[in-house]
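Participant: I have a structure here, written as structure tokens, and I will follow up with some questions on it.
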Amino acid sequence: MLSELFFGYFAAVIILLSVLVITRRNPVHSVMWMLLFFFHIAGLYLFLNAEFIAAIQIIVYAGAILVLFLFVLLLLNLREELKVKRFIGTWPAGLFVTAALLVIVLSVVKSFVPGPAGKYSIEFIKQETHTKALGKLLYTDYLFPFEIASIVLLVAIIGAIVLAKRKTRSK
Amino acid sequence: MVPLNWYLMLSAVVFMIGVFGFLTRRNIIIMFMSVELMLNAVNISLVAFSHYLQDMRGQILVIFIITVAAAEAAIGLAIIIALFRNKGTVHVDEMNEMKG
């Protein structure tokens, strides 16, 4: 009963916040609602016994990505953005497409059959601790994807510098 | 015990809100945030699967998704800054150089 209540609170607030994020006129307000949204997602992860994921959700998403968004917003001039209409003229078409997609996905969800359970039961994770279990798997079986992720981040660093750099005149 | 289907439904609803925002907003920053909403919706369902199937692989995938989201945000925001420097706006309807 209590767990359903908790889930209901988190689900309701997450849906409300995501609607608020996409409907605000001022992008700064959207970023602020997004911050609250990320914290609630992290709460949901804690609820699913994924402490490490909850921690990196807050550290990376709320701490790094949102701050980046906020910096860029403050670099841009948003004066005339506040005057134009929020949605495009044909937004009911978008709503229709989205609602149709939602109906399709929800009708598929009902017929989901779970596969066989793996070895990472709650007792196993409790004994091993979540971060250790995750780290062992990440640095053994998933070492190659991990290295690729580091290359992706390197590309992001170089790409961001190259793209945002002001063009020099002597070219 | 909350059933797995509830998480999947929540994830689907958040994903569709993100799709709606991406389709109907024309401010490029909000469109970007809609993409982040969609990525978070997928993360919810992956962590829920990982918990209910008692398998860690879903959470490994979430870590990689967060990595790629960070890279995507850095590159995308750099592109937005470059666009804003050239065009003076973040409204995507004004950007029609690629039309040919």
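Each value in this text was obtained by applying a stated rule to the coordinates, not by laboratory testing. Since the model is a prediction, treat every value here as computed from it, not as a measurement. Because the Cβ atoms are built from the backbone with ideal geometry, glycine has one as well, and the counts that use them run over all protein chains shown.
Participant: Please return the ranges of helices (runs of 4 or more DSSP H) entirely within region A:117-171 where 2 or more residues are in contact with a helix residue (DSSP H, G or I) (Cβ under 6 Å, 6 or more places away or on another chain) and within 18 Å of B:Thr67 (Cα to Cα).
Facilitator: Details: elements: A:122-128, A:130-140, A:143-164.
Passing ranges, in order: A:130-140, A:143-164.
Participant: Need the failing condition index for A:Ile158 against (1) exposed (fewer than 15 other Cβ atoms within 10 Å of the Cβ); (2) within 29 Å of B:Ile75 (Cβ to Cβ); (3) within 7 Å of another protein chain (Cβ to nearest Cβ), just the number.
Facilitator: Unmet condition: (3).
Participant: Has region A:86-93 got any residue that is basic (Lys, Arg) and either more than 8 Å from every other protein chain (Cβ to nearest Cβ) or surrounded by 12 or more Cβ atoms within 10 Å (Cβ to Cβ) (or both)? Please lay out each step first, then the result.
Facilitator: Pass one, region A:86-93, residues basic (Lys, Arg): A:86.
Checking the rest, the ones that are also either more than 8 Å from every other protein chain (Cβ to nearest Cβ) or surrounded by 12 or more Cβ atoms within 10 Å (Cβ to Cβ) (or both) come to A:86.
Checking region A:86-93: at least one residue is basic (Lys, Arg) and either more than 8 Å from every other protein chain (Cβ to nearest Cβ) or surrounded by 12 or more Cβ atoms within 10 Å (Cβ to Cβ) (or both).
Participant: Can you tell me which of A:Val109, A:Val67 is closer than 28 Å to B:Met56 by Cβ and without any contact (Cβ under 8 Å) to a residue 40 or more places away in the chain? Explain how you work it out, then say what you get.
Facilitator: Numbers: A:Val67 fails: closer than 28 Å to B:Met56 by Cβ.
On inspection, the qualifying residue turns out to be A:Val109.
Participant: So which pairs qualify, if the first residue must be in region B:66-83 and hydrophobic (A, V, I, L, M, F, W, C), the second must be surrounded by 20 or more Cβ atoms within 10 Å (Cβ to Cβ) and not in a helix (DSSP H, G or I), the Cβ gap must be under 7 Å, and the two must be at least 6 apart or on different chains?
Facilitator: B:Ile80/B:Val90
Participant: Restricting attention to region A:45-55, report how many residues are surrounded by fewer than 21 Cβ atoms within 10 Å (Cβ to Cβ), closer than 17 Å to B:Thr67 by Cα and of a type outside the set (Gly, Ala, Ser).
Facilitator: Residues flagged as surrounded by fewer than 21 Cβ atoms within 10 Å (Cβ to Cβ), closer than 17 Å to B:Thr67 by Cα and of a type outside the set (Gly, Ala, Ser) within region A:45-55 amount to 1.
Participant: At least 2 residues that are over 19 Å from B:Leu39 (Cβ atoms) in each: list the helices (runs of 4 or more DSSP H) lying fully within region A:1-103 that qualify. Working first, answer last.
Facilitator: Values: elements: A:2-23, A:27-47, A:51-56, A:66-75.
Fully inside region A:1-103 and qualifying: A:2-23, A:27-47, A:66-75.
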